[in-house]
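**Student:** Just dropping this structure here.
The values are calculated or read from the model by the stated rules, or taken from the named source; none is laboratory data. Worth saying up front: this structure is predicted, and the values here are computed from it rather than measured. Every residue, glycine as well, gets a Cβ built from its backbone with ideal geometry; the counts of neighbours run over all protein chains shown.
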Amino acid sequence: MTRMSAQTRKSGMTERKSIDQQARVAIWEVYGKRCFYTNEPISYSELQIDHIIPVEGGDAVIADLLNKGLISSDFDLNGFENLVPMLGFRNRQKSDIQFDEKAIVLFLQVASSKKAKVEELYRKAQESDRALNGYLRLKAQADKNDLTVEDLLEVLRHEAELHIDSFAKKA
């Protein structure tokens with residue numbers, strides 16, 4: 001499931017990927033709009049998303065944890081299992097702190113336990129955005145008196161497919 005934008009920055013073998021708005025909101029909401037590390041409330045304007053295992057130097061940490069069997073081979077540095085909400089000023093303070101292995105493993109376990117819920121909210125936000133975009137296209141065409149029955153049927157067909165796919169995933 002892609003949740004990152006195309007913007008990337010190389011760091012060793014790993015790339016930092018920009019986190020799209022739907023992913024940021026899903027992470028923020030699942031963690032109760034609170035900082036992962038301090039449990040302080042976070043407004044959306046103060047929100048930053050933190051990598052538990054940092055991108056810079058993360059390859060060595062991941063290799064070590066893999067060798068010890070503490071993380072799975074499909075661990076994704078930019079995945080929801082490694083991303084948590086954090087207050088911006090706290091994130092800047094944290095930049096020089098190195099967590100020990102036990103703390104990293106504990107943090108990753110907590111994040112992994114919330115991953116499915118974050119993915120669910122993220123998927124719902126994407127579906128909602130697609131529906132909104134369809135409506136806005138229809139409205140723009142209607143405003144220009146350029147709406148055909150075929151256009152309307154195409155949007156309705158697309159919506160029906162989304163609902164069928166959503167229902168099939170739940171079954």
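**Student:** Identify, please: which residue in segment 76-117 is more than 17 Å from the chain's Cα centre (by Cα) and in a loop (DSSP other than H, G, I, E, B) and is, among those, surrounded by the fewest Cβ atoms within 10 Å (Cβ to Cβ)?
**Tutor:** So, considering only residues that are more than 17 Å from the chain's Cα centre (by Cα) and in a loop (DSSP other than H, G, I, E, B), the one surrounded by the fewest Cβ atoms within 10 Å (Cβ to Cβ) is D96.
**Student:** Pull up segment 90-126, narrow it to residues that are under 14 Å from P54 (Cβ atoms) and of a type in the set (F, W, Y), then point me to the one that is modelled with the highest pLDDT.
**Tutor:** Ranking the candidates gives F107 first.
**Student:** Same structure again: What single numbered condition from (1) without any contact (Cβ under 8 Å) to a residue 24 or more places away in the chain; (2) touching a strand residue (DSSP E or B) at 6+ places or on another chain (Cβ under 9 Å); (3) surrounded by fewer than 17 Cβ atoms within 10 Å (Cβ to Cβ) fails to hold for Y44?
**Tutor:** (2)
**Student:** Another question, then. Take K68 and decide whether it is more than 19 Å from Y122 (Cα to Cα) and among the charged types (D, E, K, R).
**Tutor:** So K68 fits the description; yes.
**Student:** If a residue has to be at pLDDT below 70 and surrounded by 10 or more Cβ atoms within 10 Å (Cβ to Cβ) to count, how many in segment 143-171 make the cut?
**Tutor:** Going through segment 143-171 one residue at a time, the tally reaches 5.
**Student:** Restricting the search to segment 47-75, which residues are part of a helix (DSSP H, G or I) and polar (S, T, N, Q)?
**Tutor:** N67
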